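Below is one structure; the comments refer to it alone.
The values are calculated or read from the model by the stated rules, or taken from the named source; none is laboratory data. From a predicted model like this one, the values you see are computed outputs, not experimental measurements. No Cβ is skipped: glycine too gets one built from the backbone with ideal geometry, and neighbour counts run over all protein chains shown. Areas reflect the complete protein model, heavy atoms only, side chains present, ligands, DNA and RNA absent. Shrake-Rupley method; radii C 1.70, N 1.55, O 1.52, S 1.80 Å.
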Amino acid sequence: MNPRPPAADPAADDAAWTGAARRATANADVRQLLRSARRRRHARLLAVGMVVVALGTGLLLLVQTGTMDRLLGDEPAAKPDADPPAAASPGPMLDVAHPFESTPAADWANGADGIATPAAEAVNGFTADEVATATELVRDVLVASRLDRRMLIDHDPEGFLAKLAPDARRQLAPLFTGGREPEIQSLVSMIAKGNVLLAVEPKVDGEMSVLAGEAGELVVRTNYVFVYAFEPEGPTRLVDAMNVLVVVRADVDYVLRSGDRWTPGSRGLWYGDATGYAYSIGCDAYRKGYLAPAVTERTVTSSPNRKPARYFDPASPLPSTSGCPQ
């Protein structure tokens, strides 16, 4: 506050001083109000500025991270991987000229070449020449029963039956008709109708041996595995070659009877014990006495406790049960 100056007229001076004081006070109040208003305006501008800066920073982050594009529905396409995953490789292509290639039978002999006769020696009163004749006859029977396409495809047993003793022929002939085919399948192989074999010889492995039988008998024991290849249905790209292969194990004793002990009708070649199995085969066809690949039917032979390679081994023990449920 300014000091009061002296004056000649105290009353006038008092009035003048009072008015000046009032004006000074009013001016000071106005200046105070203006300063307060300016401070509030600056505060508001500062707050607004801070908000703007914050919004700007947020928008910049949204743009940099691509979030704004997604919010606006304009997200760029995802960048493809530099090394896209490799497509699953297709299964192996079946070579119909070499269908056994990936199986244990790949190096086996073809067809009749896999059936060898043993060295001939005299056995049980039979001379070496008679033994050689007997083993050659058994070889011909195996070819006729397991490899000849007249039997396999046409189901014509005459070539097989003609090599047996007359009484044996009469016993076996009725088993090829009338639904009795399962009774003969331990001795012969017949392909189920509607299935086609590939134009390759079946693979064969095994052995033949000669034993003494009863008086006037010569036993020729055969132990062979035959593997048949079927034409695939549809594409030839397969996961497993066994989709078109059927394995048949046949352990059969053939008995040659000779001499006066036997009637004329019983002289000649007979069948004795016959056992074996079929692997990778359609069970419906097998129950009817025929062969078909496993993929043609829903139920197939199997043995969870037996490795597949064992079925190709003619020396392996025979399984105790059939792979086809009854």
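Positive contributions from Lys and Arg (+1) and negative ones from Asp and Glu (-1), summed over other residues with Cβ under 12 Å from the Cβ of Val225, come out at 0.
Charged neighbours of Gly114, selected by a Cβ distance under 13 Å, balance to -2 (K, R count +1; D, E count -1).
Normalised by residue number, the volume inside the convex hull of the Cα atoms of the range 141-262 is 113 Å³ per residue. Ordered from highest to lowest accessible area with the whole protein assembly present and a 1.4 Å probe, His98, His155 read as His98, His155.
Among Arg170, Arg249, the order of accessible area from largest down is Arg170, Arg249, computed with a 1.4 Å probe on protein heavy atoms.
Approximating the spin labels as points 7 Å out from Cα along Cα→Cβ, the Ala119-to-Asp273 distance works out to 2.6 nm.
Near Gln185: Cβ cut-off under 13 Å, other residues only, Lys/Arg at +1 and Asp/Glu at -1. The net charge is +3. Residues whose amide H lies under 5 Å from that of Gly125, counting only those 5 or more places away or on a different chain, are absent; hydrogens are built 1.01 Å from N in the peptide plane. The order of Asp273, Asp313 by accessible area, most exposed first and with a 1.4 Å probe, is Asp273, Asp313. Mind giving me the FRET efficiency for Met93 and Lys307? R0 is 22 Å, r the Cβ-Cβ distance, nearest 0.05 is fine. Step by step, r from the Cβ atoms, then E = 0.30.
Amide hydrogen proximity for Gly276: with H placed 1.01 Å from N in the peptide plane, the residues at 5 or more positions away or on another chain lying under 5 Å are Asp251. The residues of the range 137-292 expose, per residue, 42 Å² of accessible area to a 1.4 Å probe. With the highest mean first, a sort of the peptides 108-121, 210-223 on other beta-carbon atoms found within 10 angstrom per residue produces 210-223, 108-121.
Can you compute the label reach from Ala173? Point 7 Å from Cα along the Cβ direction, backbone N cut-off under 15 Å, restricted to the range 254-296. Correct set: 265-266.
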